[in-house]
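One structure is given here, and the rest of the page talks about it.
The values are calculated or read from the model by the stated rules, or taken from the named source; none is laboratory data. Quick caveat, the model's predicted, so the values are computed rather than measured. Cβ coordinates were reconstructed from backbone atoms using ideal geometry, including for glycine residues, and neighbour counts include every protein chain displayed. The protein model used for the area step is the full one, side chains on, heavy atoms only, and it has no ligands, DNA or RNA in it. Shrake-Rupley method; radii C 1.70, N 1.55, O 1.52, S 1.80 Å.
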Amino acid sequence: MRVAIIDDERLARSELRRLLDAHPEVEVVAEAANVADGLHAIRHMAPDLVFLDIRMPDGSGFELLAALERAPAVIFTTAYDQFALKAFDANALDYLLKPIEPPRLAQALKKYSRDAAPTPQKATDGKVFIQDGERCWFVDVEQIVLFESEGNYTRVYFDHNRPLLLRSLSQLEERLDPQHFMRVSRRHIVNLRYVRSVGPSAAGGLVLQLESGLNVDMSRRRAVQFKQLKRL
């Protein structure tokens, strides 16, 4: 279990590392004291699990996650229990209140080990962290139905939620698996898993009906690619 500790307090990092020494399955591969260094550590060391402080001098743990293309498994750590609800709304793996008690740490690690166990149904595209105002989500990429461009933002459709992500559609397209996600127009990327039916459009392209009931127009040029992909 490769772990990163991101916390602006040196003593808090040292104490957590000491507590983790009691768990031989854990290897601390990176430490960081702020958001900028934390981003660098996650991108270059690719930890399995991050212990992430919420309040740091140059931003919050939520802002750090929102800047990542893929969100790792996260256990939030903080001295401020008013953040607990927000952390769990984000579907964090767990939440530890400082000072961290050894039994709670062991419980959180056990939960990670259970949740990380591979299963045939497990998502293969990873997770993305989305923050829209005061609300936050960890979302399996494969559960996202549609990406819709709104200027420099992208609206993300999953379940009954449609938050805005501060990232352009082109930036997202570079990171998505082309076997499952297709840019169907200037404004839309569709998860092909959720296409229910396909029909012609008046403009000479195609209309995709998604399982959610949404209809998305596909441009004529993209329709040619789609037909080749699906051998229609």
Which condition breaks for L166 when tested against (1) under 27 Å from the mean Cα position of the chain (by Cα); (2) more than 18 Å from W137 (Cβ to Cβ)?
(2)
Looking at (1) touching a Phe, Trp or Tyr at 6+ places or on another chain (Cβ under 9 Å); (2) at pLDDT below 85; (3) farther than 29 Å from D177 by Cβ; (4) open to solvent by 80 Å² or more (accessible area, probe 1.4 Å), which is the one condition that is false for Q82?
(1)
When you scan the stretch 57-75, how many residues do you find that are closer than 11 Å to L96 by Cβ and modelled with pLDDT under 90?
0
Would you call I54 buried (at least 16 other Cβ atoms within 10 Å of the Cβ) and modelled with pLDDT under 90?
yes
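Test of understanding: among A4, A36, which residue is modelled with pLDDT of 95 or more, aliphatic (A, V, I, L, M), on the phi < 0 side of the Ramachandran plot and open to solvent by less than 10 Å² (accessible area, probe 1.4 Å)? Let's see the steps before the verdict.
Numbers: A36 fails: open to solvent by less than 10 Å² (accessible area, probe 1.4 Å).
Step by step, each of A4, A36 is checked, and only A4 is modelled with pLDDT of 95 or more, aliphatic (A, V, I, L, M), on the phi < 0 side of the Ramachandran plot and open to solvent by less than 10 Å² (accessible area, probe 1.4 Å).
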Can you name every one of the strands (runs of 3 or more DSSP E) wholly within the stretch 128-232 that holds 2 or more residues which are under 30 Å from V74 (Cβ atoms), open to solvent by less than 70 Å² (accessible area, probe 1.4 Å) and touching a strand residue (DSSP E or B) at 6+ places or on another chain (Cβ under 7 Å)?
135-140, 146-150, 153-157, 181-183, 188-191
Is the stretch 116-123 home to any residue that is closer than 30 Å to E27 by Cα, open to solvent by 40 Å² or more (accessible area, probe 1.4 Å) and of a type in the set (S, T, N, Q)?
yes
